[in-house]
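None of the figures in this text is laboratory data; all of them are computed from the coordinates on show. Worth saying up front: this structure is predicted, and the values here are computed from it rather than measured. FYI the Cβ positions are ideal-geometry reconstructions off the backbone, even for glycines, and counts take in every protein chain you see.
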């Protein structure tokens, strides 16, 4: 899986959009971009994934650049409950449908009131 | 979505004893499960891949004789920390891939404290 690079920490005001960047310049054509988050003392939670098109679900939006070398996770209206560590992962599903996930260091997002 | 549970959620044990942690997929079957360990303020570190009906695959540097993994059914994997020491104190998390193959579902974690 391609290496991803994320800023170690960010903060955002409550109610504003939180934009979390991720660089994955060596991503290959069959690798998806996944985002998970981990709230303190809990297991990680799946947020969203995409291949090359922008994606949106009830939790977030994922914007992938045209060259696929970077992406941005957008939490449209951040709340205090969004305070967590966010992990960006490049993952191929071609290798195995049950492929393991290797976590990087992630971005620690703090939402301030 | 699919649910993965872990038991116990926290455990305190004395040094030298063994501790078993269970990971269950509640509403789906999982032929593969993954075990992670997480120290404070660090990321999750993959320890091993648990395979139903066969031996687990351990990541480099993880002692297979110390961290015994058994995947006896399609819904249960267990991790036994043998002869636990204080340095084994950590947050242990399991996961299982969903039937859609796009997601992995994580358990809530087990906090182990060895005194």
Q) What relative contact order, as a whole-number percentage, does chain B give when Cα pairs under 8 Å and 6 or more residues apart are counted? A) 36 percent
Q: Under a 10 Å cutoff between Cα atoms, tell me which one of A:13, A:84, A:60 has the largest fluctuation in the Gaussian network model of chain A.
A: A:13
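Can you check how the C-alpha radius of gyration of chain A compares to 2.2 N^0.38 Å, as a plain ratio?
Numbers: Rg = 13.4 Å, N = 113, 2.2 N^0.38 = 13.3 Å.
This ratio for chain A stands at 1.01.
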Q: Provide the three semi-axes, in whole Å and in decreasing order, of the ellipsoid equivalent to the range B:15-66 as defined by the square roots of 5 times the Cα gyration tensor eigenvalues.
A: 20, 15, 14
Q: Apply the Kirkwood formula to the protein assembly as shown: the hydrodynamic radius equals the inverse of the mean of 1/r over all pairs of different alpha-carbon atoms; give it in Å with one decimal.
A: 18.2 Å
Q) Roughly how many Å is it from the Cα centre of the range B:70-115 to that of the range A:14-90, as a whole number? A) 25 Å
Q) In peptide A:40-47, what is the residue-averaged number of other protein chain Cβ atoms found within 10 Å of each Cβ? A) 6
Q | GNM top mover of A:11, A:67, A:82 - chain A, alpha-carbon springs below 10 Å | A | A:67
(Q) What three numbers, in Å, describe the spread of the alpha carbons of chain B along their principal axes, ordered from the longest? (A) 41, 28, 23
Q. Given the options A:73, A:62, A:51, which has the most mean-square fluctuation in a GNM of chain A, springs set between C-alpha atoms less than 10 angstrom apart?
A. A:51
